[in-house]
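I have placed the structure first, in the form of structure tokens, so that the comments after it can refer back to it.
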Amino acid sequence: MTIKKIPMFGQKMFNTSRLIIQHKFHISQYFRKPVSRICNRLCSSSLEIRSSHSLVGEPCNERSIIKVEGKEASPFLQGLVTNDMNHLEDGAVSMYSFILNTQGRVLFDVVIYKKNDETFLLECDGKVSNSLAKHLKIYKVRRKLKIDCVDDDYQTWSIFEPEIDEKSITEVDMESLYINPKAESESVLSITGDVEDTIITRDPRMKYLGHRLILPKSKTVTDVISDVQPSTDGLYRVLRYKLGVGEGSTEIPTTKCLPLEGNCDYLHGVSFHKGCYIGQELTARTFHTGVVRKRYMPLIFKGDISNIEYDAIVTNEKGKSVGKIRAFEGSVGIGLMRIAECLKAQNLLVKGSDISLTTFKPAWWPIEASKERMN
């Protein structure tokens with residue numbers, strides 16, 4: 001039997017009859033870097049799956065993919081994104097990040113995938129894909145780069161466990177979040193199909209969001225992963241709302257949110273030790289000296305919410321505004337909330353209605369350490 005080495009820090013091997021994908025973490029201060037394998041140019045293979053829950057695979061039809069290709073692609077993106085491109089250079093396959101304007105406000109939320117040393121795929125909200133491509137081309141200047149939308153070639157999929165055991169989610173210290181993270185997805189994917197030109201990686205934001213796949217348009221998730229139940233029921237959106245994770249231009253509207261309000265730091269989407277990038281000054285100052293009073297939080301509604309308007313104001317029992325609703329699905333939603341005020345409130349209402357709701361601090365949020373200790 002032929003054994004081939006996989007260049008994964010010289011650790012594991014690829015067996016032509018069985019593929020074992022392991023994930024290792026290389027830690028730099030203030031950043032957790034999941035290092036998973038990119039499955040490009042590998043033959044068909046199989047993996048055992050060990051999971052107490054069934055896995056669901058949903059196409060992320062609302063997401064688009066922008067390809068940035070060229071020798072200068074990595075340093076070009078380094079000056080635009082909040083995270084550190086060196087993590088991808090060091091072996092990570094995917095990375096979460098924001099792209100900011102000069103005032104430090106969020107323009108786009110992206111997941112960046114490394115296809116090869118000169119090619120990166122930026123997954124973004126489909127509604128703003130043209131705007132993102134135009135934004136990148138503005139800063140391209142004379143660099144020899146190709147920036148194209150490749151929606152006709154690739155499709156993003158999410159594989160996840162729709163039901164979360166919230167009792168299993170434990171708080172972690174902000175310091176240990178980066179020093180000794182426990183962020184690996186606990187599901188092992190059963191890969192049985194051809195994974196040519198395919199990227200399979202754990203979601204870089206948190207383990208409870210499962211895995212992220214970039215597949216050729218001609219394939220579906222069941223062509224690659226055998227033990228997955230395909231779905232188009234919006235279960236992934238419900239899962240995100242239960243966790244309090246915003247995504248896309250509707251939930252994180254352009255220029256209406258700061259990166260730390262969007263939990264960029266908690267979701268491992270920002271580096272505070274990289275060089276300069278657009279919007280860095282306000283982000284760094286807020287982290288090191290300021291207080292983040294508002295963050296995206298889960299919402300649970302009671303009553304008929306079909307007539308709730310976008311950006312509806314949430315008030316406490318005194319009629320004071322404590323946040324805004326950014327999206328909802330069924331009885332759950334997500335909102336940009338004033339943390340202290342909404343957690344202290346005895347009653348929360350949608351302004352101008354009798355619809356009540358509750359919110360809570362997500363269990364996956366880290367315990368904040370003092371800035372003196374963090375620095």
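The values are calculated or read from the model by the stated rules, or taken from the named source; none is laboratory data. Remember, predicted model here, so these are calculated numbers, not experimental data. Reconstructed Cβ throughout: ideal geometry from the backbone, glycine too, with neighbour counts over all protein chains shown. In case anyone asks, the SASA skips ligands and DNA or RNA and just uses the protein heavy atoms, side chains included. Shrake-Rupley method; radii C 1.70, N 1.55, O 1.52, S 1.80 Å.
Here are some notes:
- Accessible area (Å², 1.4 Å probe, nearest 10) - K324: 90 Å²
- Links that overshoot a 31 Å alpha carbon limit, given the list K127/K294; K219/K361; K134/K320: K219/K361; K134/K320
- In the assembled protein chains, Y113 presents an accessible area of approximately 0 Å² (probe radius 1.4 Å).
- Note on surface exposure: Y296, Y208, Y154 rank Y208, Y154, Y296 by accessible area, highest first, 1.4 Å probe.
- In this simple spin-label approximation, A363 and E281 carry label points 7 Å from Cα along the Cα→Cβ vector, and these lie 4.3 nm apart.
- Sorted largest first, the principal axis extents computed over the alpha-carbon atoms of segment 63-126 equal 30, 23, 19 Å.
- Across the alpha-carbon set of segment 218-375, the Rg to Rh ratio works out to 1.03, Rh being the Kirkwood radius.
- Ratio Rg/Rh, restricted to segment 224-299 and using Cα atoms, in which Rh is the Kirkwood radius: 1.08
- Taking 7 Å steps out from each Cα toward its Cβ at K256 and E196 produces label points 4.5 nm apart.
- A simple spin-label model places pseudo-atoms 7 Å from Cα toward Cβ; at D233 and H273 they are separated by 4.4 nm.
- In segment 181-270, the alpha-carbon atoms span a convex hull of 135 Å³ per residue.
- Stokes-Einstein translational diffusion, segment 199-241 - Kirkwood Rh over all Cα pairs, 0.692 mPa s, 37 °C, in µm²/s: 280 µm²/s
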